[in-house]
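Here is the structure we will look at.
The values are calculated or read from the model by the stated rules, or taken from the named source; none is laboratory data. Since this is a predicted model, take the numbers as computed values, not measurements. Every residue, glycine as well, gets a Cβ built from its backbone with ideal geometry; the counts of neighbours run over all protein chains shown.
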Amino acid sequence: MAAKKLSKEKVQEALQELTKFRLIAPAKSDEVVIFKQITDPGEAFLDYGNSTVPPKKVVFPQTETLFRFQRGNPELREKNVEEEGTTVIFGLRPCDARAMSIVDRLFSWDFEDPYYLKRRELTTLVGLACNEPPSINCFCTSLGGSPFGKEGLDILLTDMGDHYLVQALTEKGEKLQDILSAHLEDAPAEEEKKAEEMAAQAEGKIARSINTEGIPEKLPTLWEHELWKKASAACLGCGICTFLCPTCHCFDIQDEVEEMGEGRRARMWDSCMFSEYTLHASGHNPRPTRRERTRNRISHKYSYYPKRFEVIACVGCGRCINLCPVNIDILEILEQVVDAS
Amino acid sequence: MVEVEKLREIAREVISRDDVRQLIGYRQGTYGFRARPAFITSPEEVDQLIFSPACVNNLATYLTLEEKLPVPRGQEPDLRKVAVMVKGCDSRALVQQMEEKAYERDRIVVLGIPCTGVVDMDKVEERFPNVLSRGEIALEGDKFILSFDGRREEVPKEELLADKCKRCRYPTPLVYDQLLDQEVARFADDDYSDIVELEKRSAEEKWAYWEEKFSRCIRCYSCRNVCPMCYCEDCVLDRLNPQWMRRSVDLSENTAYHIARAYHLAGRCIQCGECQRVCPVEIPLMELNRKFYKDVEELYDYEPGTDAEAPPLLATFKVDDREDFIL
């Protein structure tokens, strides 16, 4: 499909068109940028670096009802994800889209997760390339991504100044492009080539990197290495690095009684950095300290996941580095892994 | 400002002592202007220690955060002391912890840092974005000096200073074994003007304000975990049977969480401001804590973390305690 252009003057009307779907876009809550459903196109805030909470929460909500139950009634009322309707996530960053394609492998592995997969099927991802890496701690290029990466996206938008270059990448993307056709014009000649040059420039501006070669194989050999004690010494055991990670996908399932005789089974994000995460009913905890938990976080992303799914479960978005209250830095830990003997 | 050489010399003496197993201080961070906690166990590691206005963390948290694992059969528990570097506000956390008998005074060695104020790292990064190389921040007179990438920038202290420092009553530690520099006189007082403004709002305005904040909470519990006063071994939030707080993340549970935490800190919060600093979604938690702090001071003339010999506020009763606010 030929590339199009979306004039910045027409962004509002294009978004208005998309509000006939469940439209999710970056928006401000006070000064914090989060993804949320918008009904007023004016709420969309596209001039942003990256969101604090990744858009994974749209396809994998922090809390979701699986089914409801009632005392004396053997019927379980299941959640119907279909009711959420067609969803468009507009303006997400390439790393966060790539993260979804990585997590898809888990949710469609030994058990096909109907909630997640249905939502993925209903969702079209309209990405926004990073002309400048949003953060000093971005390292997407070390993991096979790019500030202009297309993996996982249905449409890629590139900010060309007074307009966006619109490139449909999948069938879903082409459909959405058709829906928006009244607001689009033909892209100027040579524009895709120009975007490629901009991509190379943006990649060149990524300041941090890690050579991941050999890390997945090496990690299991460092089980008792002293680096884990040092890397975790300052850890507070909070959930920032995992909850704000676009590829972390652990969840807990709990029954909650809402009113007398009524309740729901719900699942919610869980974090391997919480002490309670591996706590057994006996009181025994196989990961008793933050050392084992930190080792698990890194090993899961960089060893267990690639062993099973052939891809590292990290996209280099830098959120865990930027937002850690005690400056625990995954790149520093990985460098120590590389150097360890 | 504390001289780094002097700090390291004292730290070297302390960590060389037979009765000290660990010294908790600060070291350079991995990027930009960040500093981070350092855990020193031998004299050779002392040279990584620093102190600067970038040393924002309250290290008192680590005294109660360490996991206590069962000692393997045949081994003795390591009962040696832990040494910790504290600024004025941080020292109040030690005082309050000891008031509550979290540990005995002789378990710790306190290296007090008379503090001339720390920066708000968000303000620094907004002013100088995308600095990767390890930069330094120093205070000279009434200016912060930022050195990075061969540049030297001067910024008036007021513009980068953390808000909590602007109303700090106790810049010099209230408990210490050694003071690393000359005492710093109180350079500001807390008039609670921010809280007075909040109190003027109607209930509807307050609710709209907090609804926006609490609805974006992701319950990462960084505010709880960083808090030096949140050290219950069995936190009410982690309890499953009975489950006092649901794991669901929604406005109702989030509100319950933050209100419960604020109440548990009434008469205990020592205003280090760490909860608000670490919150990834910028919930102004100190507004809740400061409201209680103000109430406690006005009602009982009590300031938490100022007198290790005094009993905790909620463990005292006086017949003339005010009760006119009780319905």
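What the table below lists for this structure:
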item: Number of positions in region A:66-109 that are in a loop (DSSP other than H, G, I, E, B) and either among the hydrophobic types (A, V, I, L, M, F, W, C) or touching a His at 6+ places or on another chain (Cβ under 8 Å) (or both); result: 1
item: Counted residues, region B:225-273 - those being under 23 Å from A:ILE34 (Cα atoms), in a helix (DSSP H, G or I) and touching an Asp or Glu at 6+ places or on another chain (Cβ under 9 Å); result: 2
item: Sole residue being surrounded by fewer than 14 Cβ atoms within 10 Å (Cβ to Cβ) and either outside any helix (DSSP H, G or I) or touching a strand residue (DSSP E or B) at 6+ places or on another chain (Cβ under 8 Å) (or both), chosen from A:GLU213, A:GLU196, A:GLU151; result: A:GLU213
item: Residues within region A:237-254 that are facing another protein chain (nearest Cβ under 9 Å), part of a loop (DSSP other than H, G, I, E, B) and either within 25 Å of A:CYS140 (Cβ to Cβ) or at pLDDT below 95 (or both), tallied; result: 3
item: Every residue from region B:203-224 that is in contact with a strand residue (DSSP E or B) (Cβ under 9 Å, 6 or more places away or on another chain), buried (at least 19 other Cβ atoms within 10 Å of the Cβ) and not in a loop (DSSP other than H, G, I, E, B); result: B:LYS213
item: Test: residue in region A:84-103 that is of a type in the set (Ser, Thr, Tyr), modelled with pLDDT of 95 or more and out of contact with any Lys or Arg (no Cβ under 8 Å at 6 or more places or on another chain); result: yes
item: Test: residue in region B:126-135 that is more than 20 Å from B:GLU159 (Cα to Cα) and of a type in the set (Val, Ile, Thr); result: no
item: Residue among A:GLU226, A:GLU185, A:GLU213, A:GLU259 that is touching a residue at least 40 places away in the same chain (Cβ under 8 Å), among the acidic types (Asp, Glu) and out of contact with any helix residue (DSSP H, G or I) (no Cβ under 6 Å at 6 or more places or on another chain); result: A:GLU185
item: Exclusive hit being surrounded by 15 or more Cβ atoms within 10 Å (Cβ to Cβ), under 25 Å from A:GLU256 (Cβ atoms) and either within 14 Å of another protein chain (Cβ to nearest Cβ) or among the β-branched types (Val, Ile, Thr) (or both), set A:VAL11, A:VAL58; result: A:VAL58
item: Condition met for B:SER133 (touching an Asp or Glu at 6+ places or on another chain (Cβ under 8 Å), assigned to a loop (DSSP other than H, G, I, E, B) and in contact (Cβ under 8 Å) with a residue 12 or more places away in the chain); result: yes
item: Extreme residue, surrounded by the fewest Cβ atoms within 10 Å (Cβ to Cβ), among residues of region B:1-38 that are within 30 Å of A:ARG208 (Cα to Cα) and of a type in the set (A, V, I, L, M); result: B:VAL4
item: All positions within region B:204-224 that are in contact (Cβ under 8 Å) with a residue 12 or more places away in the chain, among the charged types (D, E, K, R) and at negative phi; result: B:GLU211, B:LYS213, B:ARG216, B:ARG224
item: The listed residue being over 25 Å from A:ASP96 (Cα atoms) and either in contact with a Phe, Trp or Tyr (Cβ under 7 Å, 6 or more places away or on another chain) or not charged (D, E, K, R) (or both), out of A:PRO246, A:PRO188; result: A:PRO188
item: Number of positions in region A:93-128 that are under 15 Å from the mean Cα position of the chain (by Cα), surrounded by fewer than 24 Cβ atoms within 10 Å (Cβ to Cβ) and small (Gly, Ala, Ser); result: 1
item: Selection status of B:GLU158, part of a strand (DSSP E or B) and more than 14 Å from every other protein chain (Cβ to nearest Cβ); result: no
item: When residues of region B:225-253 are limited to those that are more than 7 Å from chain A (Cβ to nearest Cβ) and in contact (Cβ under 8 Å) with a residue 40 or more places away in the chain, the one surrounded by the fewest Cβ atoms within 10 Å (Cβ to Cβ); result: B:LEU251
item: Strands (runs of 3 or more DSSP E) wholly inside region B:1-119 that include at least 1 residues being out of contact with any Ser or Thr (no Cβ under 9 Å at 6 or more places or on another chain) and within 11 Å of another protein chain (Cβ to nearest Cβ); result: B:20-28, B:35-40
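Conditions (1) at pLDDT 95 or above; (2) closer than 22 Å to A:GLY149 by Cα; (3) under 25 Å from the mean Cα position of the chain (by Cα); (4) facing chain B (nearest Cβ under 10 Å), marked per residue:
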{"position": "A:ALA182", "(1), (2), (3), (4)": "yes, no, no, no"}
{"position": "A:MET198", "(1), (2), (3), (4)": "yes, yes, yes, no"}
{"position": "A:GLN201", "(1), (2), (3), (4)": "yes, yes, yes, no"}
{"position": "A:GLY204", "(1), (2), (3), (4)": "yes, yes, yes, no"}
{"position": "A:ASN211", "(1), (2), (3), (4)": "yes, yes, yes, no"}
{"position": "A:GLU224", "(1), (2), (3), (4)": "yes, no, no, no"}
{"position": "A:CYS235", "(1), (2), (3), (4)": "yes, no, yes, yes"}
{"position": "A:GLU256", "(1), (2), (3), (4)": "no, no, no, yes"}
